[in-house]
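Here is the structure we will look at, set down as structure tokens.
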Amino acid sequence: MEGEEGTERRLSREDLLKLAAVAGGATLLGGRVGAAEAALDRLSGESGRLQVLDWAGYGNDGGQAMFAQYVKRYPNNKPQFTYMTNEADALAKFHAGSKPDIFRPYVGWTKYFATSGFVQPWNPKLISNFKHLNPFMVKAGQYQGKQYGIPDDWGIDAVLYRSDKVKPKARSYGLLFDERYKGKIAWFDDIEMLEIAGLYLGFKNTWNQTDAQLKRSQQLLMSKKHLVRMNWSSETNLWEAFGSGDVWIAYAWPNDWVQMKKKGLKVVYMRPKEKPIAWVGMFMVLAGSPRYRLAHAYVDAWSSAKSGKWLEDNYGYGHANTAARPASSDLLHALELTNPKAVTEPYAHLDRDIPRRALYAKMWEEVKAS
């Protein structure tokens with residue numbers, strides 16, 4: 001796989017003649033740019049279905065609008081999806097031999113994957129919507145000057161609760177540890193719970209806690225574990241528990257707030273005084289992908305303002321395309337979509353690299369096993 005260099009090589013006279021023929025006689029300087037680009041894709045030898053590893057809800061199980069432009073342009077290279085429950089799950093799949101063309105981890109994993117050997121940089125010149133993406137988020141997807149992540153969806157992780165059932169003592173993560181609501185609380189099954197505990201305890205750098213701080217965070221979680229009805233990893237499971245009334249309080253995502261409002265529940269998505277953790281979804285292209293240009297076309301479709309508006313309207317997440325705006329003014333306000341730095345200080349803590357990720361993972365497993 002020649003990767004970026006291969007896509008930018010000079011075309012020979014023979015290539016140009018072939019390209020013109022495949023494009024139906026259109027000149028490269030004429031108006032049929034899309035036909036010429038599609039022809040170039042065929043010349044580059046890229047074939048087969050684009051292999052996409054993504055989160056549930058973003059494939060043919062509801063997210064078709066996000067990549068409709070791609071499917072229309074490449075009907076013979078439609079995406080084929082497999083699903084990940086989190087980044088650690090994706091990593092395990094790679095080690096087991098899975099070879100998707102692209103996947104979508106979140107910003108805190110940018111450095112990890114950039115240095116892992118599993119991914120290669122993007123060529124932003126091949127993404128027409130790249131210039132419309134939030135510059136702050138674009139920079140967050142870079143490592144050593146190369147664009148390893150293309151930002152698209154973003155949001156905050158915070159506390160969702162039933163306002164008709166729950167009366168918080170403070171606007172705080174402490175609601176996740178409130179003894180009054182034993183058996184009605186859901187935590188997220190991820191090392192992020194150690195980060196939340198660290199923020200609640202007042203640690204300045206919860207992503208790089210000292211040994212003593214990590215022990216305190218772990219002890220807090222272990223001491224409050226008896227309050228927890230479930231550690232969710234599937235949003236569907238959370239929606240069932242929250243919708244049925246089994247759970248009143250949850251560490252949750254914006255889409256969970258949207259879905260519970262659709263059910264007619266009285267819910268509040270709290271911004272805790274410790275500040276929420278913000279994330280940015282980063283598409284990454286796997287090293288050695290045989291569909292490098294098709295991967296760019298897929299991400300370009302995802303990056304359009306039209307796709308961004310659909311995402312905001314239907315899932316309640318923000319989108320990196322700064323021209324995207326949801327129809328709901330409530331959502332516009334809740335996500336602070338007019339603020340280009342809503343995902344960082346002083347509004348939120350942008351998720352970041354965890355130098356001792358393996359230790360965090362070990363300690364979270366110990367919490368669950370306690």
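Can you give me the pair-distance distribution of the stretch 170-268, C-alpha pairs, 10 Å bins, whole percents?
Values per bin, smallest distances first: 15, 46, 30, 8, 0.
Considering only protein heavy atoms, what per residue accessible area in square angstrom results for the stretch 287-370 with a 1.4 angstrom probe?
Numbers: 3490 Å² over 84 residues.
Spelled out: the 1.4 Å probe surface of the stretch 287-370, per residue, equals 42 Å².
What distance in nm separates the simple spin-label points at S329 and R180, each placed 7 Å from Cα in the Cβ direction?
If labels sit at S329 and R180, their model points lie 3.3 nm apart.
I'd like the FRET efficiency for L359 and N76, computed as 1/(1 + (r/R0)^6) with the beta carbon distance as r and R0 of 41 Å, rounded to 0.05. It would help to have the intermediate numbers written out before the result.
Numbers: r = 46 Å, r/R0 = 1.13.
My answer for the efficiency is 0.30.
Find how much the distance from E240 to A56 grows on full extension, using 0.36 nm per residue of separation minus their present alpha carbon separation; answer in nm with one decimal. If you can, show how the numbers build up before the last one.
Numbers: separation 184, 0.36 × 184 = 66.24 nm, distance 1.56 nm.
Gain in length upon complete extension: 64.7 nm.
In whole Hz and in residue order, list the ³J(HN,Hα) couplings for the stretch 100-112 that follow from phi through the Karplus curve 6.51 cos²θ - 1.76 cosθ + 1.60, θ = phi - 60°; x for Gly and Pro.
x, 7, 9, 8, 9, x, 9, 4, x, 9, 4, 4, 4
Considering only protein heavy atoms and a 1.4 Å probe, what is the carbon-and-sulfur percentage of the accessible area of the stretch 233-272?
On the way: 790 of 1620 Å².
On the stretch 233-272, the fraction of accessible area on carbon and sulfur atoms equals 49 percent.
Taking only the alpha carbons of the stretch 252-370, what extent do you get along each of the three principal axes, in Å, biggest first?
Reported extents, whole Å, longest axis first: 48, 46, 31.
Extension gain H95-S128, at 0.36 nm per residue separation less the Cα-Cα distance, in nm? Could you put the intermediate results ahead of the total?
Values: separation 33, 0.36 × 33 = 11.88 nm, distance 3.28 nm.
The span from H95 to S128 would gain 8.6 nm if fully extended.
Rounded to the nearest 5, what % of the DSSP beta bridges within the stretch 136-293 are antiparallel ones? Could you put the intermediate results ahead of the total?
Values: 16 of 22 bridges.
Here the share of antiparallel DSSP bridges comes out near 75 percent.
Cα-based Rg of the stretch 83-160 per 2.2 N^0.38 Å, rounded to two decimals? Mind dumping the intermediate values first?
Values: Rg = 13.4 Å, N = 78, 2.2 N^0.38 = 11.5 Å.
Taking N as the residue count of the stretch 83-160, the ratio is 1.17.
Under 17 Å from a point 7 Å along the Cα-to-Cβ line of T85: which residues of the stretch 337-370 have their amide N that close?
Only 361-370 pass the distance filter.
Compute the semi-axes of the equivalent ellipsoid of the chain, taking the square root of 5 times each eigenvalue of the Cα gyration tensor, and list them largest first in whole Å. Each step should come with its number before you reach the end.
Details: eigenvalues 331, 96, 61 Å².
Each semi-axis is √(5λ); the values are 41, 22, 17 Å.
Could you calculate the contour length gain from V268 to S223, that is, 0.36 nm times the residue separation minus the distance between their Cα atoms, to one decimal place in nm?
On the way: separation 45, 0.36 × 45 = 16.20 nm, distance 2.60 nm.
This chain segment gains 13.6 nm when fully extended.
Rank by packing, highest mean first: peptides 123-130, 322-329, with packing defined as the count of other Cβ atoms within 10 Å averaged across residues.
In descending order of packing, they fall as 123-130, 322-329.
Which whole-angstrom value gives the distance between the alpha carbon centres of the stretch 118-177 and the stretch 254-304?
The distance from the Cα centre of the stretch 118-177 to that of the stretch 254-304 comes to 7 Å.
At 1.4 Å probe radius, can you tell me the per residue accessible area of the stretch 99-247 in Å²?
Values: 6160 Å² over 149 residues.
That works out to 41 Å² for each residue.
What is the Cα convex hull volume of the stretch 271-341 when expressed per residue in Å³?
Numbers: hull volume 7.8 nm³, N = 71.
About 109 Å³ per residue, rounded to a whole number.
The values are calculated or read from the model by the stated rules, or taken from the named source; none is laboratory data. None of the values given here were measured: they were computed from a predicted structure. Positions of Cβ are generated from backbone atoms using ideal geometry, with glycine treated the same way; all protein chains shown enter the neighbour counts. Just so you know, the surface numbers come from the protein's heavy atoms only, side chains and all, with ligands and any DNA or RNA stripped out. Shrake-Rupley method; radii C 1.70, N 1.55, O 1.52, S 1.80 Å.
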